[in-house]
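One structure is given below, encoded as structure tokens.
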Amino acid sequence: MTLETVTKGAAVDICGVSKVYGNFTALDNVSLRVEPGEFMSFLGPSGSGKTTTLNLIAGFTDLNGGEIRLGERSIGHVPAHKRNIGVVFQHYALFPHMSVAQNVAYPLKQRRVAKVDRARAVDLALQKVQLEKFSHRYPSELSGGQQQRVALARAMVFTPSLLLMDEPLGALDKKLREVLQLEIRRIHRELGSTFVYVTHDQEEALVLSDRIAVFNKGRIEQVGSGHQLYTQPETLFVGQFIGESSVLRGTHRTQGNETALTVAGATLAVSGQAKSDAAHVILLRPENVRVQPKGTGRHDGMTNIISGTVREMLYLGAAMKYEVGLADGSHVIARTPTQTEPFAIGQPVELAWNLKDGTLLADDGSTAGHEA
Amino acid sequence: MKLNVPRLLLRLTCLLIAIWLVAPTLIVIPMSFAGQKSLAFPPKGFSLQWYENFFTNPQWIGSLIVSAKVALMVAVVATIIGTMAAIGIERMKGSAAGIIRAVLITPMIVPGVVLAVGIYAVYLDTRLVGTWTGYVLAHTLLAIPFVVIAVGANLAVFDARLETAAASLGASRLTTFFTITLPLILPGILSGSLFAFVTSFDEVIVSLFITSPQLKTLPVQIYSSMTRDADPTVAAVGSLIFLATSLIIGLGLIFGMRGRKA
């Protein structure tokens, strides 16, 4: 059991898992498979069930229903200390009365690894997180980033086939977070273990993950790669949670196999069909929306055009961002390359986008506000 | 330089209060060197006979040994029970924990005489008067609150999430307790056991009720010696105990400071 041998990641199967606290349903019949060696993020606002799921996998909370398998083994009722899963916590959870080396050696001691092998494995794990020079320090003598590196070394030193991380970078500042994100990616590649990473930060999830499971209100909204979630969100919640977006609300009408939405007096075509009579919206990404002078757009059947007024203009260096107000009081965000003669605030303009770039989604009442 | 009157007054007040606090203890020291068999202050003459009496008289040295043995046993028993109780209370949720805590603390609040009468009544029936078991049981009862409070205070700042981390690293609950929880609440346990030892060592009221001529603790011996005749050996005992406790506390402070620096 040393880090020299590449670990085989194990698959995690979550089958119909539920968790109820009193009369609060934290998880409602959730099913998910994490592939062996995959980097999967659980993304969602606080209280969405992502941490509950992680705690159930780790064995910190008891299952109310369903089954969890790690590889071939059903672990739903195995006590936490027998699951052989590495966990990294947001609050580091280093043992303050032990040196860095003793902290990292702790899981090996529990597994009765011989002293010589133990020392070698600890050295190797500390090398992986670039802290080999700090092995005699105590946690209180390290910075937050260093402490989290130690925690990472401690969680992987026993080469678990699955590593769980619960917002491990949540307590660190942005710069350090970015550095550690890259390190975590590198370690994931080198280890070969399956990683499950809980975060509420969509950017972090996009940077790190092979796939992302988006949690909301105790359910999984969608599972997919970052690109899939961004370009083909299946629900309005996912569309708004990942990346920046504008939402056009209106009344929709389906004729034959074409659905059109009437928003602020304009009729907007979409590719795809409304699946029900319930309210629908169009989700637009800022980079797909063009801002142009009024009356310059061509109605060619492939383009949607709606007029509005520039409310705000932000200069972002390489790009510019416009907030354009529509007649119904809502607004659309558009990002364009920097223009030499930008539109002025208050100027009437036209917004245009290819109709395939607008995503038709059932209105689930989600708003753009990202919960931290 | 201008005379700072308020500051001078403050210093004077502090000095007076300090004298008031330590004077009774310090007066005992010259009295223990008295030349005559009287507890008068200031003492007349000088001799070491009262120290000699303490170390040679089997009644005195015997009661010291009894007290030390009882206090040691009480420290062990009360620390174990009190620590377990404190951990249990910390883990319990809801109002039951508060009630249990209050019950455990009552011996500290109930007047000593009331407890003593109750204990005496029970001991008469169960023939525990004047026995080792009797002393240890009664003193443990009085010492448990101190352990519960000291360990409880330490547990309140103990990060229980470390136990979750230990579990994830493969440690069973028992291993976790001995490798993580215990080392981190050890300061509370040690100070609790010190309190327990001291509580038993200078307990008078209950001990007076349950004492027997065969088995006497030091405080009981001091008390009966005082009421029988004004024996300056009492002052010698007082001085020795004062010296011993000062040494222990002094060493504790020194090591405590070193530990913090490391």
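Give me the one-decimal Kirkwood hydrodynamic radius in Å for region A:244-362, with the sum taken over alpha-carbon pairs. It is 14.5 Å. Near residue A:76: Cβ cut-off under 13 Å, other residues only, Lys/Arg at +1 and Asp/Glu at -1. The net charge is +2.
Extent of region A:12-237 along its three principal axes (Cα atoms, max minus min coordinate, largest first): 50, 38, 31 Å. Give me the dipole magnitude in Debye, nearest 20, for the protein assembly as shown about the Cα centre, with unit charges on the beta carbon: positive for Lys and Arg, negative for Asp and Glu. The dipole magnitude comes to about 1880 debye. Taken over region B:22-121, the convex hull of the Cα atoms encloses 178 Å³ per residue.
From helices alone, chain A scores -6500 deg cm²/dmol at 222 nm; the rule is -39500 (n - 2.57) for each run of n ≥ 4 DSSP H residues, then divide by the residue total.
Taking every C-alpha pair closer than 8 Å and separated by at least 6 residues, the mean separation divided by the residue count of chain B gives a relative contact order of 30 percent. Taking every residue in B:182-188 and counting other chain Cβ atoms within 10 Å of its Cβ, the average works out to 1. In chain B, the calculated helix contribution to ellipticity at 222 nm averages -26000 deg cm²/dmol per residue, counting -39,500 (n - 2.57) for every DSSP H run with n ≥ 4. Percent of Cα pairs in region A:44-176 per distance bin of 5 Å, from zero to the largest separation: 2, 10, 19, 20, 19, 14, 10, 5, 1, 0. Between the C-alpha center of region A:278-351 and that of region B:94-162 there is a gap of 75 Å.
Put simply, the Cα atoms of the protein assembly as shown extend 123, 74, 52 Å along their principal axes, the longest span coming first. Over the C-alpha atoms of region B:59-261, the Rg to Rh ratio, Rh being the Kirkwood estimate, stands at 1.04. Sorted largest first, the principal axis extents computed over the alpha-carbon atoms of region B:175-262 equal 54, 28, 17 Å. A crude spin-label estimate for the pair residue B:249 and residue B:59, with each label 7 Å from Cα along the Cβ direction, gives 3.0 nm.
When the charge dipole of region B:59-261 is built from unit charges on Cβ atoms (+1 for Lys and Arg, -1 for Asp and Glu) and taken about the Cα centre, the candidate among B:209, B:194, B:157 whose Cα reaches farthest toward its positive end is B:157. Summing charges over neighbours of residue A:28, with a neighbour being any other residue whose Cβ is under 11 Å away from its Cβ, gives +3 when K and R count +1 and D and E count -1.
Taking chain A as a Gaussian network of alpha-carbon nodes connected by springs under 10 Å, the highest mean-square fluctuation of the residues A:175, A:275, A:82 belongs to A:175.
In chain A, excluding the sites themselves, the longest stretch lacking any of the GluC sites (Glu not before Pro) that are in a DSSP loop with at most 15 other Cβ atoms within 10 Å is A:73-243.
Here chain A is assigned +1 on the Cβ of each Lys and Arg and -1 on the Cβ of each Asp and Glu. Its dipole about the Cα centre then comes out at about 1280 debye. Look at the stretch B:157-167: the mean tally of other chain Cβ atoms within 10 Å of its residues' Cβ atoms is 5.
Taken together, the values in this text are just the output of simple stated rules run on the coordinates, not laboratory data. The structure displayed is predicted, hence computed values, not measured ones. Heads up, the Cβs are rebuilt from the backbone with ideal geometry, glycines too, and the neighbour counts pull from every protein chain shown.
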